[in-house]
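What follows is one structure encoded as structure tokens, with my remarks underneath.
The values are calculated or read from the model by the stated rules, or taken from the named source; none is laboratory data. In this text, all values refer to a predicted model and were calculated from it rather than measured experimentally. No Cβ is skipped: glycine too gets one built from the backbone with ideal geometry, and neighbour counts run over all protein chains shown.
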Amino acid sequence: MLPPATSLRARLLAALGYGNRSVRERKPHLALSLTLGLAVATPAFGQVATPQLIADARRAAAAGRWTEAESLYRTVLREDPLNDGVIAALHQVTRNRPLRADSHVLRRTRGVLPPRFRAYETTRFIVLSDASPRWTQTQAERLERTFHQFHRYANRIGLRPLPLAHKLVCVLFADRHAYQQFAARHDGVQDPWIAGYYAPQNDRIVFYASDANPSVVEARSRIEQMQADLVSLAREASVARNRGQHEHAAVLRRHHDRYRDHVRREIVRVESFAEEVNIATTVHEAIHQLMFHTGVQTVEVQYPLWISEGLATAFETASTSQAFGPDHEHAARRATFDALWREGRMLTLGALVTTTEIANDDELVELLYHQSYALVSWMSRFRRAELQRYLNLMRSEPPGRLSAARHREVFERAFGP
């Protein structure tokens with residue numbers, strides 16, 4: 001349960017740097033970049049060409065040439081991304097066609113995957129997988145659920161995501177090593193610890209099976225040893241009973257039963273951990289994909305990490321069977337944020353909202369991700385209009401990297417100084 005708005009606001013402002021000027025503003029190193037790749041800017045068509053393109057799109061739509069009209073409207077929106085009339089028209093023409101499966105993203109991805117990868121198609125996603133069919137289908141269902149929650153949240157705070165251009169592409173690997181090779185070779189991702197990622201330059205999300213997670217593998221190995229110990233205990237108890245050592249056998253049996261209950265609890269704990277990490281990672285990366293594919297964010301502008309990672313972490317959940325997103329608390333993130341706040345380990349607000357890259361520093365990563373989660377969650381409840389304005393302002397920035405001063409200026413234009 002969240003505290004009242006007033007106390008939460010004061011708490012967050014203190015945690016984020018206001019009212020605690022002793023917290024040192026931290027300057028991240030550039031050894032590890034967590035920014036999204038910047039695309040080459042699309043040349044502007046100019047004020048004269050845009051009305052003509054809109055007129056051409058309207059004529060194409062009137063003639064029932066939906067694909068042509070869609071292409072023209074999307075061309076206009078690359079120059080004028082917040083044009084309400086064109087956004088509405090694009091939604092109208094895309095209602096008249098099924099979401100196509102084939103795309104350059106799918107063809108390019110299939111071209112770099114081994115033939116063993118099978119395609120699983122849902123309403124809005126194509127999943128290419130060499131993992132088990134059951135896990136693949138479960139992942140596909142989670143992706144669809146994330147799509148629905150993304151749109152629920154967007155509608156709630158007044159965002160206007162564009163319709164999907166085609167079915168989104170997801171790749172699932174059964175083997176962690178194969179996943180790492182693919183990530184490094186084809187998407188330039190060389191961080192061995194990550195369990196999944198979104199590649200903006202290729203517009204795809206990529207994961208490996210949760211069974212291959214090293215922590216899960218290690219934990220399951222320990223459980224197997226514990227189960228072997230249980231068998232040994234049962235055998236010892238049986239031998240003692242057969243020898244007439246009934247008191248000793250009873251002691252061994254009680255020890256066996258207590259240990260058995262402990263092993264069962266450990267199995268539940270490990271499997272729950274594996275499931276929760278898998279769900280959170282899947283949702284997190286799918287949100288990145290949806291934010292950029294639908295134009296809520298653009299790959300042509302370098303965003304500060306607080307908004308990109310704050311949105312993604314705020315969608316994380318332990319279960320996709322109920323509503324989730326920034327307007328719902330994620331217990332794991334909230335608990336860690338609360339602990340960091342109590343310890344006084346916080347970045348200033350100025351540092352948080354201007355950071356676009358961070359060093360290979362576990363502590364800094366932890367601080368930034370959890371503060372970003374808290375800030376976006378709070379804004380999604382109590383500053384929706386300002387959050388929408390901020391995303392629109394960033395969407396209107398010229399292509400490229402913004403200075404720290406410009407990031408601060410955009411933030412203050414949206415939320416106030």
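Which ones in the range 358-396 are more than 28 Å from residue 336 (Cα to Cα) and either among the basic types (Lys, Arg) or at pLDDT 95 or above (or both)?
So in the range 358-396, the residues more than 28 Å from residue 336 (Cα to Cα) come out as 389, 392-396.
The answer is 389, 392, 393, 394, 395.
Go through (1) assigned to a helix (DSSP H, G or I); (2) closer than 30 Å to residue 308 by Cα; (3) hydroxyl-bearing (Ser, Thr, Tyr) one by one and return the number of the condition residue 259 breaks.
Of the numbered conditions (1) assigned to a helix (DSSP H, G or I); (2) closer than 30 Å to residue 308 by Cα; (3) hydroxyl-bearing (Ser, Thr, Tyr), the odd one out for residue 259 is (2).
Please enumerate the residues belonging to the range 84-114 that are among the β-branched types (Val, Ile, Thr) and either closer than 15 Å to residue 165 by Cβ or buried (at least 17 other Cβ atoms within 10 Å of the Cβ) (or both).
As a first pass, look at the range 84-114 and keep what is among the β-branched types (Val, Ile, Thr): 86-87, 93-94, 105, 109, 112.
Hits for the range 84-114 are 86, 87, 93, 94, 105, 109.
For every residue, the table says whether it meets (1) in the same structural domain as residue 313 (by TED's automatic domain parsing); (2) small (Gly, Ala, Ser); (3) more than 19 Å from residue 129 (Cβ to Cβ).
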{"residue": "188", "(1), (2), (3)": "no, yes, yes"}
{"residue": "195", "(1), (2), (3)": "no, yes, no"}
{"residue": "198", "(1), (2), (3)": "no, no, no"}
{"residue": "204", "(1), (2), (3)": "no, no, no"}
{"residue": "227", "(1), (2), (3)": "no, no, yes"}
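Taking the condition within 19 Å of the chain's Cα centre (by Cα) and of a type in the set (A, V, I, L, M), does residue 169 pass? Break it down into steps so the answer makes sense when it comes.
On the way: within 19 Å of the chain's Cα centre (by Cα): yes; of a type in the set (A, V, I, L, M): yes.
For residue 169, the condition - within 19 Å of the chain's Cα centre (by Cα) and of a type in the set (A, V, I, L, M) - is met.
The conditions are (1) in contact (Cβ under 8 Å) with a residue 24 or more places away in the chain; (2) under 26 Å from residue 282 (Cβ atoms), and residue 362 fails exactly one of them. Which is it?
Just one mismatch for residue 362, condition (1).
Residue-wise test of (1) within 27 Å of residue 127 (Cβ to Cβ); (2) touching a helix residue (DSSP H, G or I) at 6+ places or on another chain (Cβ under 9 Å); (3) without any contact (Cβ under 8 Å) to a residue 60 or more places away in the chain; (4) surrounded by 15 or more Cβ atoms within 10 Å (Cβ to Cβ).
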| site | (1), (2), (3), (4) |
| --- | --- |
| 191 | yes, yes, no, no |
| 201 | yes, yes, no, no |
| 209 | yes, yes, no, yes |
| 218 | no, no, yes, no |
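Hey, any hits in the range 164-172 for a residue that's at pLDDT below 95, in contact with a Leu (Cβ under 7 Å, 6 or more places away or on another chain) and either crowded, with 16+ Cβ neighbours inside 10 Å or assigned to a strand (DSSP E or B) (or both)? Outline the logic, then answer.
The first filter runs over the range 164-172 and keeps only residues at pLDDT below 95, leaving none.
No - not one qualifying residue is present in the range 164-172.
How about the range 276-333: which of its residues are touching a Phe, Trp or Tyr at 6+ places or on another chain (Cβ under 7 Å), touching a residue at least 40 places away in the same chain (Cβ under 8 Å), more than 22 Å from residue 385 (Cα to Cα) and assigned to a loop (DSSP other than H, G, I, E, B)?
Answer for the range 276-333, where residues must be touching a Phe, Trp or Tyr at 6+ places or on another chain (Cβ under 7 Å), touching a residue at least 40 places away in the same chain (Cβ under 8 Å), more than 22 Å from residue 385 (Cα to Cα) and assigned to a loop (DSSP other than H, G, I, E, B): just 299.
Any idea which of (1) under 22 Å from residue 152 (Cα atoms); (2) crowded, with 17+ Cβ neighbours inside 10 Å is the one residue 331 doesn't satisfy?
Single failed check for residue 331: (2).
Does the range 240-253 contain any residue that is at pLDDT 85 or above, part of a loop (DSSP other than H, G, I, E, B), on the phi > 0 side of the Ramachandran plot and surrounded by 13 or more Cβ atoms within 10 Å (Cβ to Cβ)?
no
When only residues in the range 356-404 that are assigned to a helix (DSSP H, G or I) and basic (Lys, Arg) count, which is nearest to residue 313 (Cα to Cα)?
381
Quick one: in the range 341-355, which of the residues that are part of a helix (DSSP H, G or I) and among the hydrophobic types (A, V, I, L, M, F, W, C) is surrounded by the fewest Cβ atoms within 10 Å (Cβ to Cβ)? If you could, list the steps in order and put the result at the bottom.
First, pick out the residues of the range 341-355 that are part of a helix (DSSP H, G or I): 341-343, 349-352.
Then drop every residue that is not among the hydrophobic types (A, V, I, L, M, F, W, C), which leaves 341, 349, 351-352.
On the way: 341: 18, 349: 23, 351: 23, 352: 23.
Filtering the range 341-355 for residues that are part of a helix (DSSP H, G or I) and among the hydrophobic types (A, V, I, L, M, F, W, C), the one surrounded by the fewest Cβ atoms within 10 Å (Cβ to Cβ) comes out as 341.
Pairs only if they're at least six apart or on different chains, beta carbon under 7 angstrom, first in the range 98-117 and under 17 Å from residue 181 (Cα atoms) and at pLDDT 95 or above, second among the small types (Gly, Ala, Ser) and not in a helix (DSSP H, G or I); list them, first residue then second.
117/129
Restricting attention to the range 296-325, and to residues there that are in contact with a Pro (Cβ under 6 Å, 6 or more places away or on another chain) and modelled with pLDDT of 95 or more, which single residue is nearest to residue 155 (Cα to Cα)?
Quick first cut of the range 296-325, residues in contact with a Pro (Cβ under 6 Å, 6 or more places away or on another chain) only: 296, 299-300, 314.
From the residues that got through so far, the ones that are modelled with pLDDT of 95 or more too are 296, 314.
Details: 296: 12, 314: 16 Å.
Among those residues, the one meeting the criterion is 296.
Before we move on, is residue 161 part of a loop (DSSP other than H, G, I, E, B), within 18 Å of the chain's Cα centre (by Cα) and not assigned by TED's automatic domain parsing to the domain that holds residue 385? Can you show your working first?
Numbers: part of a loop (DSSP other than H, G, I, E, B): yes; within 18 Å of the chain's Cα centre (by Cα): yes; not assigned by TED's automatic domain parsing to the domain that holds residue 385: yes.
When the stated conditions are applied, residue 161 passes them.
Across the range 334-358, what is the number of residues that are in contact (Cβ under 8 Å) with a residue 60 or more places away in the chain and over 23 Å from the mean Cα position of the chain (by Cα)?
The total comes to 4.
Just give me the residues in the range 167-208 being at positive phi and not small (Gly, Ala, Ser), in sequence order.
The answer is 203, and nothing else.
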